[in-house]
Amino acid sequence: MTQTLNIVGGGMAGSEAAWQAANMGIDVVIHEMRPKVETFAHKTGNLGEMVCSNSFRSDDSEQNAVGLLHWEMRAADGLIMQTADRHRLPAGGALAVDREPFAETVTARLKDHPNITISHQEVTSLPEDGHWIFATGPLTSTALGEAIRAETGAEALAFFDAIAPIVYFDSIDMTRAWMQSRYDKGETEEERTAYLNCPMDRDQYEAFIDALLAADKTEFHEGETAGYFDGCLPIEVMAERGRETLRHGPMKPVGLTNPHQPDVKAHAVVQLRRDNALGTLYNIVGFQTKMKYGAQTEVLRMIPGLEKASFARLGGIHRNTFLNSPTLLDEQMRLKSRPNIRFAGQITGVEGYVESAAMGLLAGRMAAGDILGQPIAPPPDTTAMGALITHITGGADAKTFQPMNVNFGLFPPVQGLKGGRRGRKDRYKAYTDRAKSDWRGWLAQTALDAA
Ligand SMILES: Cc1cc2nc3c(=O)[nH]c(=O)nc-3n(C[C@H](O)[C@H](O)[C@H](O)COP(=O)(O)OP(=O)(O)OC[C@H]3O[C@@H](n4cnc5c(N)ncnc54)[C@H](O)[C@@H]3O)c2cc1C
């Protein structure tokens, strides 16, 4: 069996994975289909091309989870972060990048690496042997998508996401909301109280529908066909079909009694469901939307109980090929049914340039560890890297799995700190201090293993 590491896809994740493995002494072949086969979003044949915005988001490693991810990747000599820093543009606290020189530099550094070969070929099947990382992203080619689907089953590979907004539990006003499953269904108390309910009276409902209809919406990108219409309509489209549609759909008020006002029948109820094992995140059930982010926060904060909601992520619907990773991948991002194959990047159900590169960094190191005969354990979930990989490979609910950005709701709480908005600054600093220390520890440990 060959000891070469084959990486399919030279985007954010594949480029970073190749860099990490090559620096550990492994021979790497990157198989990138562009420019021979194109996607609707990429414009060049360069590796590491940014397909839309040129922002890596916040660079604050003390108070922001994505800034922390930047920090961890820099500490691990990440190619994507080194190159982003080299081509940084002024953008206040954010890390904006001059996209063309960025992708040219990523391409040149990979091309010049003595352990890396680049092959411009589309890969259309899942190989039986050898070491492979598939990092083919949200726009995985059709032929490969079909091959993956044949392996995983149709239920476990999605071609569109339908992201409902996710709220931090500690920002919800529980003097207005309550926990109850519809008709108290469930065997255990936990199941009977699995949903968080926010009631609306008639006036609140009518005002909410008006705001939904008036809100600014985003359009699909050119070429991004709207095949989402079966089964996951955006809430605003439901509202356009009739003012009562939502009251008969995700906002139906039946089977629920508000303990704060047991004699008042709600006109509509918005339900939220736990989104992670830690219970720190709740998604608004059935609320996938194409409202613009600013409009979303405004409209969603009209929901009683969510007036002060903090959002771990806002909703969206995009063309996005992604796996049901919690069921398909092991803790090392290997396909359980074929452990010679790893997945990395956005196809694993993380979202964003930075998160995708981060999962590439881990996959590259772990695959190299396997080839060297020194398996590398995933980082602890107290780090940003560890929190993300833990979420996608097990922490998330497989039944409702949708792509996730890094956020502090994925981290195990630091005990003894004040909850709510007031304590947020100290809490975030405690998360990031703990993460940095644990990430340094993991790097030292795995460098030692690989030496
Ligand atoms: C239209 C659109 C807009 C987006 N806007 C943003 C944004 O503004 N900010 C943000 O953070 N994220 C955005 N994203 C998400 C973004 O794509 C990811 O954050 C990031 O690029 C994912 O990295 P990746 O390495 O997983 O995939 P990619 O960067 O897409 O890399 C995958 C690579 O695999 C190649 N490939 C696919 N199939 C095959 C095959 N069969 N054989 C060989 N090569 C193959 C592709 O050509 C591509 O180069 C957007 C996505 C889309 C589709």
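The values are calculated or read from the model by the stated rules, or taken from the named source; none is laboratory data. If you're wondering where the values come from, they're calculated on a predicted model, not measured in any experiment. Cβ sites come from the backbone with ideal geometry, for glycine too, and all protein chains shown count toward neighbours.
Computed quantities for the displayed model
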quantity: Restricting the range 409-432 to residues that are loosely packed, with under 13 Cβ neighbours inside 10 Å and not in a loop (DSSP other than H, G, I, E, B), the residue that is farthest from the chain's Cα centre (by Cα); calculated: 426
quantity: Filter pass, residue 205 being touching a residue at least 60 places away in the same chain (Cβ under 8 Å), in the same structural domain as residue 286 (by TED's automatic domain parsing), farther than 23 Å from residue 296 by Cβ and assigned to a helix (DSSP H, G or I); calculated: no
quantity: Contacts under 9 angstrom Cβ, first residue in the range 58-87 being surrounded by fewer than 18 Cβ atoms within 10 Å (Cβ to Cβ), partner of a type in the set (Asp, Glu), 6 or more apart; calculated: 62/433; 74/85
quantity: Of the criteria (1) more than 19 Å from residue 59 (Cα to Cα); (2) crowded, with 20+ Cβ neighbours inside 10 Å, which one residue 406 fails; calculated: (1)
quantity: Qualifying position, being touching a residue at least 24 places away in the same chain (Cβ under 8 Å) and over 24 Å from residue 22 (Cα atoms), among 367, 398, 363, 384; calculated: 398
quantity: Meets criteria (in contact with a helix residue (DSSP H, G or I) (Cβ under 8 Å, 6 or more places away or on another chain) and assigned to a helix (DSSP H, G or I)) for residue 382; calculated: no
quantity: Per-region count, the range 249-276, residues in a strand (DSSP E or B) and under 24 Å from residue 170 (Cβ atoms); calculated: 7
quantity: Among (1) surrounded by 21 or more Cβ atoms within 10 Å (Cβ to Cβ); (2) out of contact with any helix residue (DSSP H, G or I) (no Cβ under 7 Å at 6 or more places or on another chain); (3) in the same structural domain as residue 51 (by TED's automatic domain parsing) - the single one residue 198 does not satisfy; calculated: (3)
quantity: Given (1) closer than 26 Å to residue 397 by Cβ; (2) surrounded by 13 or more Cβ atoms within 10 Å (Cβ to Cβ), number of the condition residue 206 does not satisfy; calculated: (1)
quantity: Residues satisfying the stated conditions in the range 1-21, i.e. assigned to a strand (DSSP E or B) and within 7 Å of the ligand (Cβ to nearest atom); calculated: 8
quantity: Residue within the range 262-269 that is within 28 Å of the chain's Cα centre (by Cα), at pLDDT 95 or above, crowded, with 20+ Cβ neighbours inside 10 Å and away from the ligand (no atom under 16 Å from the Cβ) present; calculated: yes
quantity: Residues within the range 22-72 that are under 30 Å from residue 90 (Cβ atoms), away from the ligand (no atom under 15 Å from the Cβ) and not in a loop (DSSP other than H, G, I, E, B), tallied; calculated: 3
quantity: Residue within the range 57-76 that is of a type in the set (Gly, Ala, Ser), over 20 Å from residue 435 (Cα atoms) and within 25 Å of the chain's Cα centre (by Cα) present; calculated: no
quantity: Looking only at the range 345-389, and only at residues there that are surrounded by fewer than 24 Cβ atoms within 10 Å (Cβ to Cβ) and near the ligand (Cβ under 10 Å from one of its atoms), the one that is farthest from the chain's Cα centre (by Cα); calculated: 352
quantity: Among the residues listed as 445, 374, the single one being more than 25 Å from residue 57 (Cα to Cα) and free of Cβ contacts under 8 Å to residues at least 60 places away in the same chain; calculated: 445
